[in-house]
Amino acid sequence: MADALTAREAAALAADVFEEHPQTTAEDRSGDGPLGWDGYARSRARAETRTGERESVVWGTAHIGGRPAVLVSFEFRFLGGSLGRRTGDLLEEAYAHARAERLPLVSLIATGGSRMQEGMVALGQLQRVARASALTRAAGLPQLAVVRDPTTGGGWATLGAGADVILALPGAQVGFAGSRVRPPDADPSAYTAEGQLAAGQIDAVVAPERLRPALSLWLRLLTGGTREPVPGGAPVPPPLALDGAYGAAATGWEAVRRARARHRPRAQAYLDAWFDERADVHGDRCGGTDPGMICGFGLREGRVVAYAAQAGTATRPAGYRTAARLVRLADRLGIPVLTLVDTPGAANDAEAERGGAGAAIADVFAAVASVRVPVTTLVIGEGGSGGALALAAPGNTWVTPDSYFSVIAPELAAAILKRDPSETPATADQLRLRPRDLVELGVVRGIVARAE
């Protein structure tokens, strides 16, 4: 069942102010369309009478939380919010205006897909939308989507799934396959906003009354960067553990035990303490999520910083893909990145291997190595092998007093060297994995001190 919001009601729900933009392209209102589909003109006329709109989308400029944006809103009651040639014209106009005025673009989507009465001409509009979106992405401008009920077909596969941040209204039908074309035995929960959230395809499900504040926060976060190089990068958070209570670890094994302590502060505590406001992105857009990787954007004393933080568990392929997605988005928007390293290593079970662990780790290495914005890393716990190093900024990595960084866990090193398990502590010493060892080796820049 489609939501009851009209295009303008949806715009009023999302924005403080919405002003429709004058249309600049000519409108062909003659006949039954490019296919000569019998009755198409009458269907359009009925849709106009029912909705008061002349197409399935309206667009204009809006202010959301005081920030300007280009806003596109779909009218589902106009032929199911379908995309036809004229819809493509309007969407292309909206994207062009966003680029010309350097504004973010927000889409409020409710569509059943391409308009059958226009055949391949309608389907071809998806290429126009994809091109306009790609040009807007290349211009360094953020795109946000709010998927309403329903959002299916090409509208989901372009404006929806192609956005940088995707929010959804509760209970919305979301998926490439609409309800009339999917297999009869398909699990219906897979085609809901909540199902897509669980699969890592959208970032959050937001109640209607929370939509405007959520969009306002996201606009503040995503428009807080600069395309110019950012000097200095993200500041380094102080350790939450009291370094005075610990002093320097006397042995490598002591450093490992501190990093593994059950009650040691984890990434969530660091993020909550460091940022004034923040919002997480969710999922890898490939069907996976990893609660052990927390990614998003935050405000610290008025400055926007992106973060990718390991939460102390073995990182799964979906976690690495989410981190790579976050780093590349931050780079495109000119936002510095903070990574928090805390993992015993990459997940190494069979499921992780089938999920592409190697390729996912390689993708993070490539993302961190290729970005133009500064990346700052703080090791806050365990730094286990390449699964941790993938998130570490070359030349700009710091450590807390209760952390370690090692080529491999001491237990595994002892096993590889065919040593008795009792030799694990001595092996930890040989690995020189303590914070001060890492500084002496030149692996990290320094040990962060407790804030005064």
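The values are calculated or read from the model by the stated rules, or taken from the named source; none is laboratory data. Everything numeric in this text was worked out from a predicted model, so none of it was measured. Glycine also receives a Cβ, built like all others from the backbone with ideal geometry; neighbour counts cover every protein chain displayed.
Going through (1) at pLDDT below 95; (2) crowded, with 18+ Cβ neighbours inside 10 Å; (3) out of contact with any helix residue (DSSP H, G or I) (no Cβ under 8 Å at 6 or more places or on another chain) one by one, Q201 falls short only on (1).
Answer yes or no: is there a residue in region 15-36 that is within 22 Å of V147 (Cβ to Cβ), at pLDDT 95 or above and touching a Phe, Trp or Tyr at 6+ places or on another chain (Cβ under 9 Å). No: zero hits. Scanning region 292-326 for residues that are of a type in the set (D, E, K, R) and at positive phi yields one hit, E301. Here L378 meets the list (1) in contact (Cβ under 8 Å) with a residue 60 or more places away in the chain; (2) surrounded by fewer than 22 Cβ atoms within 10 Å (Cβ to Cβ) almost entirely, failing just condition (2).
Okay, residues lined up against (1) over 19 Å from the mean Cα position of the chain (by Cα); (2) free of Cβ contacts under 8 Å to residues at least 12 places away in the same chain; (3) over 25 Å from L79 (Cβ atoms):
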position	(1), (2), (3)
A134	no, yes, yes
G153	yes, no, no
A163	no, no, no
Y191	yes, no, no
L197	no, no, yes
I202	no, no, yes
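Among the residues of region 305-320, those that are more than 15 Å from the chain's Cα centre (by Cα) and not small (G, A, S) comprise Q310, T313, T315, R316, P317.
In the list F76, F18, which residue meets the criterion of being farther than 20 Å from A134 by Cβ, touching a strand residue (DSSP E or B) at 6+ places or on another chain (Cβ under 6 Å) and either charged (D, E, K, R) or touching a residue at least 60 places away in the same chain (Cβ under 8 Å) (or both)?
F76
In summary, A248 fulfils each of the numbered conditions (1) in a loop (DSSP other than H, G, I, E, B); (2) among the hydrophobic types (A, V, I, L, M, F, W, C); (3) at pLDDT 85 or above; (4) surrounded by fewer than 14 Cβ atoms within 10 Å (Cβ to Cβ) with the single exception of condition (3). Out of region 245-278, which residues are touching a Ser or Thr at 6+ places or on another chain (Cβ under 8 Å) and aromatic (F, W, Y)? The answer is W253, and nothing else.
Restricting region 407-419 to residues that are buried (at least 19 other Cβ atoms within 10 Å of the Cβ) and free of Cβ contacts under 8 Å to residues at least 40 places away in the same chain, the residue that is nearest to A390 (Cα to Cα) is A413. Among the residues that make up region 283-298, is at least one of them acidic (D, E) and surrounded by fewer than 20 Cβ atoms within 10 Å (Cβ to Cβ)? No, there is no match, as no residue in region 283-298 is acidic (D, E) and surrounded by fewer than 20 Cβ atoms within 10 Å (Cβ to Cβ).
Residues of region 251-291 that are touching a strand residue (DSSP E or B) at 6+ places or on another chain (Cβ under 7 Å) and either of a type in the set (D, E) or more than 23 Å from P401 (Cβ to Cβ) (or both): D276, E277, R278, A279, D280, V281, H282, D290. Taking region 263-355 as the region of interest, the strands (runs of 3 or more DSSP E) fully inside it that hold 1 or more residues being of a type in the set (D, E, K, R) and modelled with pLDDT of 95 or more are 277-281, 337-343.
Scanning region 134-150 for residues that are outside any loop (DSSP other than H, G, I, E, B) and crowded, with 21+ Cβ neighbours inside 10 Å yields T136, Q143, L144, A145, V146, V147, R148, D149, P150. S422 satisfies every condition listed in (1) surrounded by fewer than 17 Cβ atoms within 10 Å (Cβ to Cβ); (2) modelled with pLDDT of 95 or more except (2). For region 178-220, a residue qualifies if it is part of a helix (DSSP H, G or I), hydrophobic (A, V, I, L, M, F, W, C) and either closer than 17 Å to A14 by Cα or not assigned by TED's automatic domain parsing to the domain that holds L167 (or both), and the qualifying residues are L211, A214, L215, L217, W218, L219.
Residues in region 97-126 that are closer than 18 Å to F74 by Cα, under 25 Å from the mean Cα position of the chain (by Cα) and among the aliphatic types (A, V, I, L, M): A98, L105, V106, L108, I109, A110, L126. Among residues of region 431-452 that are outside the structural domain of A393 (by TED's automatic domain parsing) and over 19 Å from T376 (Cα atoms), none has a Cβ under 6 angstrom from a residue that is crowded, with 19+ Cβ neighbours inside 10 Å and at pLDDT 95 or above at a sequence gap of 6+ or on a separate chain.
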